[in-house]
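Read the figures in this text as sums done on the coordinates, not as results from a lab. Note that the structure is a prediction, hence the values are computed from the model and not measured. Because the Cβ atoms are built from the backbone with ideal geometry, glycine has one as well, and the counts that use them run over all protein chains shown.
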């Protein structure tokens, strides 16, 4: 008799370490680091999501912001703070403070960076960051938008 293949041995269900419920394996996030023990995280997706929301609420999003700075831009919170102080807390394009909010909280200035080199350029308000991104993809858009506004009397 042959030994069962890896696919035949694969678990169909798993017990969540947090809630204790036995759920389909699809209800658990994959974790390649634990491939020998099933390849899935020990907490179900619902419990993982609840824990992440709680951690975000407890830290006011500071930890999430720190991770985005580090992984997306190679910055530390101190680098962001220095750049913000260098710009006197205002957007590098329009010179105003950020007025956009998210879930009732004021948003931070966005990190503008060169998408080819990854080099950080400046901090921008959400509106200017979207505008710069659109112009960077299609520089002719500025002239087209200006012509549109002239045509419609703005």
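Residues of segment 66-93 with an amide N closer than 15 Å to a point placed 7 Å from the Cα of residue 119 along the Cα-to-Cβ direction: none. Among the listed options (i) 20.0, 68; (ii) 23.4, 83; (iii) 62.4, 202, the one matching Rg and Dmax of the Cα atoms in Å as calculated from these coordinates is (ii). Entry note, the chain: relative contact order of 11 percent, from Cα contacts under 8 Å with a spacing of 6+ residues. Per-residue Cβ neighbour counts within 10 Å put 21, 143, 98 in the sequence 143, 21, 98, beginning with the fewest.
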